[in-house]
């Protein structure tokens with residue numbers, strides 16, 4: 001008796017080896033990812049620093065000046081730290097992304113690349 005086709009499609013997976021990556025492509029990707037993380041991390045660090053200034057100002061005997069500086073710092077420091085984190089992490093992401101891609105290409109040439117499976 002012949003089998004009926006009930007619409008089930010069997011996909012055969014295909015394995016490929018990633019032997020080389022584009023250095024500039026990886027560097028650009030890392031730049032964007034790390035700049036985003038730097039922006040978020042810088043903002044959180046700035047907010048934490050500003051809150052510490054607000055709390056520690058009166059305890060350090062600075063009085064009203066410390067509280068005033070803390071209130072200003074709550075607005076200013078997160079912005080400054082966020083911008084600096086964005087720039088610094090972006091530049092470092094580009095540099096280390098390029099170095100990592102180059103190292104991958106060198107090592108993949110010696111031992112083979114990463115095996116990927118596609119359907």
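The values are calculated or read from the model by the stated rules, or taken from the named source; none is laboratory data. Given the structure is predicted, the values throughout are model-derived calculations rather than measurements. Backbone-built Cβ (ideal geometry, glycine too); neighbour counts: all protein chains shown.
With the requirement that a residue be under 18 Å from residue 78 (Cα atoms) and crowded, with 19+ Cβ neighbours inside 10 Å, what does the stretch 24-38 give you?
Selection gives 34, 35, 38.
Anything in the stretch 107-119 that is assigned to a helix (DSSP H, G or I) and surrounded by fewer than 11 Cβ atoms within 10 Å (Cβ to Cβ)? List them, or say none.
Within the stretch 107-119, 110, 111 qualify.
For residue 33, indicate whether it is farther than 30 Å from residue 99 by Cβ, modelled with pLDDT of 60 or more and within 31 Å of the chain's Cα centre (by Cα). Please lay out each step first, then the result.
Details: farther than 30 Å from residue 99 by Cβ: no; modelled with pLDDT of 60 or more: yes; within 31 Å of the chain's Cα centre (by Cα): yes.
For residue 33, the condition - farther than 30 Å from residue 99 by Cβ, modelled with pLDDT of 60 or more and within 31 Å of the chain's Cα centre (by Cα) - is not met.
Inspect the stretch 74-90 for any residue being within 30 Å of residue 113 (Cβ to Cβ), in a helix (DSSP H, G or I) and at pLDDT 70 or above and give the result as yes or no.
Yes, some residue in the stretch 74-90 is within 30 Å of residue 113 (Cβ to Cβ), in a helix (DSSP H, G or I) and at pLDDT 70 or above.
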